[in-house]
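Encoded as structure tokens, the structure appears first; notes follow it.
We did not get these values from a lab; they are worked out from the coordinates using the rules stated. Keep in mind that this is a model prediction, so the values were computed, not measured. A quick note on method: Cβ atoms are made from the backbone with ideal geometry, for glycine too, and the neighbour counts reach across all protein chains shown.
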Amino acid sequence: MNKLKVSLLLFLLLAAFLLDVALGSVHIPVKEVVRVLFTPHSDNATWTYIIEKIRLPKALTAIIVGCGLSVSGLQMQTLFRNPLADPSVLGITAGASLGVALVMLSAGSITTIYTIQALGISGSWLIILAASLGAALVMVLIVSLSSSLKDNVVVLIVGVMIGNITLSVISIWQYFSAPELIKDYLIWTFGSLGGVTGNQLLILAVVVLAGLLLSFLSSKLLDALLLGDNYARSMGLTVKRARLLIIGSTSILAGGITAFCGPIGFIGIAVPHLARAIFQTSSHRILIPACCLIGTLLMLCCDIIAQLPGSQTVLPINVITALIGSPVVIWIIAGPNKLRGF
């Protein structure tokens, strides 16, 4: 049965990928998309340029983002045993945003110029490092506080409050920043899949792949933690070490994606529950690949909707993910049997 479900998801994923590349302000037939992707030459140079330089990188970014956010959300829900936990709700995305603000709102300062020129750090690496460190800082703070809090709902509230404090610091910083820097940062906060191309796409892919590899290697740890810290200790697991590994992989995933695509919400909450409902399992060896498939499919669908085919307008990706993810969160809360296992 699972093989049939995986085959269906792969078919839908391929269809969504081709549609995402084909649809937009300039409609390109799917046959032409396939021809450009799988043959070295095409009769229409304009279509080839649009596909290779604009739409293909955007679709690949959607795949990377869908995998990273859904798996990071799965890890957070397991770590806190809370069905509504994800990097954005727990303030990790806000921490990554603070790291990006540190770079973007101080652009042009003596410190930043010296760092880039003297140390040879490219802008991409500088942003991703700052975002990952910001996400890790908030995550470590939340885990430290959670050790003294027994109620997962309280932990969730604490995470939301830490996120609000972090966003308040960013707002104060914006108030004293130059208008042109504020504009660039605000555009970044809307979320976008279309700004990642070339070397940046390669960097993002490597970072998310590293985070996914850590997540898959920690699947047994996640299975043990899902049953509680005491059970994990009885199995010989060092809980603190396991938490640090999960913190590291989640920070890499959330920090890297937030750095390049902006804060994107609801994917991390919704996809893990969809994966559990479809595959009827709590094994992370199955859930992690399942989240990658479903998260990728969902992000591609969101990107298709955001493009408003036939229009010159492209909606912020955050708007679409909220429209699709919010009903899933309501379904999670309203359905009493959907929270089973936490």
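Laid out as a table, the results:
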quantity: Of 31/53; 31/183; 5/31; 5/240; 5/53; 5/220, pairs whose Cα-Cα distance is over 28 Å; calculated: 31/183; 5/240; 5/53
quantity: Exposure proxy order (Cβ contacts within 10 Å, fewest to most) of 43, 86, 303; calculated: 43, 303, 86
quantity: For the range 172-221, alpha-carbon Rg and Dmax in angstrom; calculated: 16.7, 49
quantity: Rg/Rh (Cα only; Kirkwood hydrodynamic radius) as it applies to the range 259-299; calculated: 1.02
quantity: Peptides ranked, highest mean first, by Cβ atoms within 10 Å: ranges 312-323, 57-68; calculated: 57-68, 312-323
quantity: Mean Kyte hydropathy of 0.5 or more with a Cα span along the axis of at least 24 Å, helices from DSSP in the chain; calculated: 2-22, 56-80, 123-146, 152-175, 198-217, 239-261, 284-307, 317-334
quantity: Residue exposure sequence - 175, 231 - by fewest surrounding Cβ within 10 Å; calculated: 175, 231
quantity: Rg/Rg_ref, the range 238-329, where Rg_ref = 2.2 N^0.38 Å and atoms are Cα; calculated: 1.24
quantity: Helix-only CD estimate at 222 nm, as mean residue ellipticity for the chain, using -39500 (n - 2.57) per DSSP H run (n ≥ 4); calculated: -24500 deg cm²/dmol
quantity: With 10 Å bins from 0: P(r) over the range 172-256, alpha-carbon pairs, percent; calculated: 15, 29, 24, 19, 11, 1
quantity: Kirkwood Rh (inverse of mean 1/r, distinct Cα pairs), the chain, angstrom; calculated: 20.7
